[in-house]
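Just so it is clear, none of the values below were taken in a lab; they were calculated from the coordinates. No experiment lies behind these values; they were computed from the predicted model shown. Backbone-built Cβ (ideal geometry, glycine too); neighbour counts: all protein chains shown.
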Amino acid sequence: MASTELGARLKQFRQTQQLTQTALADQLHVSRQTVSSWETGRNQPDIATITQLATLYAVPVDTLLQGTAAVPIAKPVTYPSPSLLVVLFGVLLVERITQFSTFPGLYWVDFLILLLIGLMINLGIAHRHPNAWTPRIHWFGLTVFAMLSLISGSINAFNMGFGLMTTCQFSGLVVVIALARKYWQFRSVKVSQR
């Protein structure tokens, strides 16, 4: 086995997972130059590192070493964009500061803002330590946010007033549209893979 073949496979798996050489090096506790030397074929990783790579890419070690075509390459993990969260955070924060409401209504908006902050932290973790669970947690959290926003806005929970009620309904509706769009994208990819 030529080391350039192994290097090409390592690069292919890294790119499939949408990792940079720096991100991969951070996860393996090596330098970026070391990852580069593996991918160009100048050096080869030791067996412990190959085992770590196989675990990270969710493939058998044989696939990394021999490049067997029978085992499909793991699909890349896609991470949501933080722009939706930032916009919703800004809208809720401005409404929280400018609207008059009851204290329970204001506390409810504070809770929704904290939920958005938690989702932003989750995305930060997802980009630093990629795995399959953080996007799922993100989409689940957005679904919970949408349901809570729509329901609280529709029933005017905590007597929050027209301004906060409308903001909650609007925020929930925007998230529902984003979730529906993501679902249809996911569904179209599934259909095209058949």
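Relative contact order for the chain: what is it in percent, counting Cα pairs under 8 Å that are at least 6 residues apart?
The normalised contact order for the chain reaches 17 percent.
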Pairs of Cα atoms under 8 Å, at least six residues apart: use those to get the relative contact order of the range 83-193, whole percent.
30
Quickly work out the residue 8-to-residue 186 label distance, labels modelled 7 Å from Cα along the C-beta direction, and quote it in nm with one decimal.
3.5
Run the Debye formula on the Cα coordinates of the range 83-193, all scatterers equal and no solvent, and tell me log10 I(q)/I(0) at q = 0.11, 0.17 1/Å.
-0.38, -0.80
Among the helices of the chain (complete DSSP H runs), which have Cα atoms covering no less than 30 Å along the helix axis and a Kyte-Doolittle mean of at least 0.5?
103-128, 133-154, 162-193
Please report the Cα spread of the range 3-66 along all three principal axes, rounded to whole Å, starting with the longest.
24, 23, 21
Computed over the chain, Cα set: Rg, Dmax in Å
22.4, 71
What is the Cα coordinate range of the range 135-194 on the first, second and third principal axes, sorted by size from largest, in whole angstrom?
50, 18, 13
